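Have a look at the structure below before the remarks.
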Amino acid sequence: MGLYAVVVAALLVTLTLALIRAFKGPTVFDRALAGNAIGTVSMLLLAIFQFIAERPEFVDLAIVYGLLNVIGTIAVQKFFRYGDLGEPGDDAPSKEERA
């Protein structure tokens, strides 16, 4: 149990530093990266909890949470870079036509 406590403490320190970067980050991309790091650390904490509680089904939850974290981060980055998440169809008005 001692080694697990050290790992959890290190992950909580990492989580605290990522939260500071999320609130203090000078750009949107720094904040998005911090959000991704928070999701990754949460996934690792869930996996460590699985070992402590001896419940192997939590690994599946951690994997699903990690996949959602990656997809969400890509979607946020695409939105802030291009202004939308999808390509409009041929009959949809362009940005210039809408303005």
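The values are calculated or read from the model by the stated rules, or taken from the named source; none is laboratory data. Computed from a prediction, not measured in an experiment: that's the story for all the values here. Virtual Cβ from ideal backbone geometry, glycine too; neighbours counted across all protein chains shown. Just the protein is used for accessible areas: all its heavy atoms, side chains included, with ligands, DNA and RNA removed. Shrake-Rupley method; radii C 1.70, N 1.55, O 1.52, S 1.80 Å.
Filter the stretch 15-51 down to the residues that are among the charged types (D, E, K, R) and free of Cβ contacts under 8 Å to residues at least 12 places away in the same chain and list them by number.
Of all residues in the stretch 15-51, those among the charged types (D, E, K, R) come to 21, 24, 30-31.
Within the stretch 15-51, Lys24, Asp30, Arg31 meet the criteria.
Being open to solvent by less than 40 Å² (accessible area, probe 1.4 Å) and at pLDDT 85 or above narrows it down to one residue among Gly72, Gly25; which is it? Don't jump to the end; show me each part of the working.
Values: Gly25 fails: at pLDDT 85 or above.
So the residue among Gly72, Gly25 that is open to solvent by less than 40 Å² (accessible area, probe 1.4 Å) and at pLDDT 85 or above is Gly72.
May I ask you to list the residues in the stretch 52-75 that are in contact (Cβ under 8 Å) with a residue 24 or more places away in the chain and of a type in the set (Phe, Trp, Tyr)?
Once the filter is applied, which keeps residues that are in contact (Cβ under 8 Å) with a residue 24 or more places away in the chain and of a type in the set (Phe, Trp, Tyr), the stretch 52-75 yields only Tyr65.
Take Leu33 and decide whether it is assigned to a helix (DSSP H, G or I), modelled with pLDDT of 90 or more, surrounded by 10 or more Cβ atoms within 10 Å (Cβ to Cβ) and of a type outside the set (Ser, Thr, Tyr). Don't jump to the end; show me each part of the working.
On the way: assigned to a helix (DSSP H, G or I): yes; modelled with pLDDT of 90 or more: no; surrounded by 10 or more Cβ atoms within 10 Å (Cβ to Cβ): yes; of a type outside the set (Ser, Thr, Tyr): yes.
For Leu33, the condition - assigned to a helix (DSSP H, G or I), modelled with pLDDT of 90 or more, surrounded by 10 or more Cβ atoms within 10 Å (Cβ to Cβ) and of a type outside the set (Ser, Thr, Tyr) - is not met.
So which of Arg81, Arg55 is surrounded by fewer than 17 Cβ atoms within 10 Å (Cβ to Cβ), more than 8 Å from the chain's Cα centre (by Cα), within 24 Å of Leu3 (Cβ to Cβ) and among the basic types (Lys, Arg)? Walk me through it before giving the result.
Values: Arg81 fails: within 24 Å of Leu3 (Cβ to Cβ).
Of the residues listed, the single one that is surrounded by fewer than 17 Cβ atoms within 10 Å (Cβ to Cβ), more than 8 Å from the chain's Cα centre (by Cα), within 24 Å of Leu3 (Cβ to Cβ) and among the basic types (Lys, Arg) is Arg55.
Please go through the stretch 17-30 and give me each residue that is in a loop (DSSP other than H, G, I, E, B) and farther than 22 Å from Leu68 by Cβ, ordered by number.
Step one: of the stretch 17-30, the residues in a loop (DSSP other than H, G, I, E, B) are 25-27.
Residues satisfying the conditions are Pro26, Thr27.
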